Structures are given as structure tokens and as C-alpha cells.
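Visitor: This structure is in C-alpha cells; I'll ask about it shortly.
The values are calculated or read from the model by the stated rules, or taken from the named source; none is laboratory data. Predicted model, so just to flag it, every value in this text is computed and none were measured. In this analysis, Cβ positions are derived from the backbone assuming ideal geometry, glycine residues included, and neighbour counts consider all displayed protein chains.
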Amino acid sequence: MDIDETTSFEVNSEPIRELQVIEPLSSTESESEYTDELQAVEPSRIDKHNIDFAEQKKCLARDRDVCVVTGATNPNAHHIAPFTWNDTQEHIDRTFDLGSNRTFMVGNEFANRTRYLHNRDEPGESDKAWNMISLHPQVYGWWSKGFFAFKCLEVQSLGSSESNVILEFRWMPQTKRWFGQHIDIFNTGTGHDLKEWLAGIDQFHASGNPPPMARDGLRL
């Protein structure tokens, strides 16, 4: 007998019996308890990753404790993709927000292969020896200022998940006067139009990629 909607019934001549109908929990209460259970079992994320000095030692050992550019001794291990791109949840969010802009700069393939740069479940996922290079402090200073860059020419597989990477040292054009400026793509004579910027880069390459010039006129 279906008594879902029945509060009382009569059997033969016996007195009426009162049945207590227990109402199910409201959907709001059920969802609330279910949500609380989910929140209770959801693993907490690590907020900050501290630099792994053991990985730096691996990098220096791999590069035989010399600067890969000059061969000078006593170099330091420096990150290629910056350490602060994903060392905290806040920095991971900022890197993730680059989104299509990062894809525009480096291409879809690179962006898809570097999702570890914004992995919220593992801050500092790129804090590894494979993302480090050994450089003399002076050389690193030039690198951090954008005086030069490395171009990847070849990746040679050595087996056992190891590879040999061939890099090319390239002096970079100096475009400091463009920093923080709105690039005018319509060439309206503001002094920061896109054509002028590209022409300057073309001239740099046509001149053989000369090294930066210091204030006294001397080149590095």
C-alpha cells in the first residue's frame, strides 16, 4: 500500500490509527551537508614553494661547475623560466592570467607543453635542474637585463629521459625607450609606432647583432 501521502487509515472496525509520516530532508539541507562533506575531503593546496637547493646542485654538477657561456668557475644556478612565475598560488594565478598573450608570444605548442608553469596543485613544479643553467654572476646580470638571450638550436636525446640541449648565444636589440609605451600601430607620428620599432629590430639584425653599447661608447 502506498502511504506516502496518507496520514491515517481504517482497518475493519478497529479504531483509527495515526501514522507519523517522516518528511525527508529538504533539498537545501541535503545539499548543505553534501557540500560540507566535499569541503572536508578536498585536499588543501600548498600556498608557497621554497627554492630547492638540491636541484641547484644538480644543475651545477651537470654543467661541471663552470659558466656555460664563459667557462668561468664558481657559477650560480639560475632558472630559465623564472622561479617567481609559480612559487606561490598568487604568482600561479598571474601566470595563468597571461593566457592567450603567452600563446601569442611563444606559440601554442610551447604553451601546451608548459602547463606546469601554472599548476595550482604543485607550486614550484619548474624548480628543477632541467629548468636551470649555470652562469657567472656578471653574465647573469647581463642576461637579466635583456642584453642577450639563448636560442635553442637542437635537443639531442641521450636515452633514459636525458637530453643534450644545444643553445646559441645571441645579443639582443636594446629597446628600453619602448618600455611602458603604447605602441601606435597606425603610425600617427607619436614616436612609438609599430613600423619604427620593427625597423629598428631589422636594422639590428642587418648589422650582425652587435653587442650592447655602454654609455661611454664601449661595447660589452
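Visitor: So how many residues does region 40-92 have that are over 18 Å from TYR116 (Cβ atoms), assigned to a loop (DSSP other than H, G, I, E, B) and not hydrophobic (A, V, I, L, M, F, W, C)?
Guide: So the answer is 10.
Visitor: Among the residues of region 122-173, which ones are farther than 30 Å from SER44 by Cα, charged (D, E, K, R) and within 22 Å of the chain's Cα centre (by Cα)?
Guide: Passing the criteria: LYS145, LYS151.
Visitor: Checking SER134 against (1) over 30 Å from ASN209 (Cα atoms); (2) touching a helix residue (DSSP H, G or I) at 6+ places or on another chain (Cβ under 7 Å); (3) small (Gly, Ala, Ser); (4) not in a loop (DSSP other than H, G, I, E, B), which test does it fail?
Guide: With (1) over 30 Å from ASN209 (Cα atoms); (2) touching a helix residue (DSSP H, G or I) at 6+ places or on another chain (Cβ under 7 Å); (3) small (Gly, Ala, Ser); (4) not in a loop (DSSP other than H, G, I, E, B) applied to SER134, the lone miss is (1).
Visitor: Here is a further query. Does region 55-74 contain any residue that is in the same structural domain as PHE150 (by TED's automatic domain parsing), over 23 Å from SER163 (Cα atoms) and modelled with pLDDT under 90?
Guide: Scanning region 55-74, I find no residue that is in the same structural domain as PHE150 (by TED's automatic domain parsing), over 23 Å from SER163 (Cα atoms) and modelled with pLDDT under 90, so the answer is no.
Visitor: Being assigned to a strand (DSSP E or B) and at negative phi is the requirement here; does VAL155 meet it?
Guide: Details: assigned to a strand (DSSP E or B): yes; at negative phi: yes.
Considered against the rule, which asks whether it is assigned to a strand (DSSP E or B) and at negative phi, VAL155 comes out as yes.
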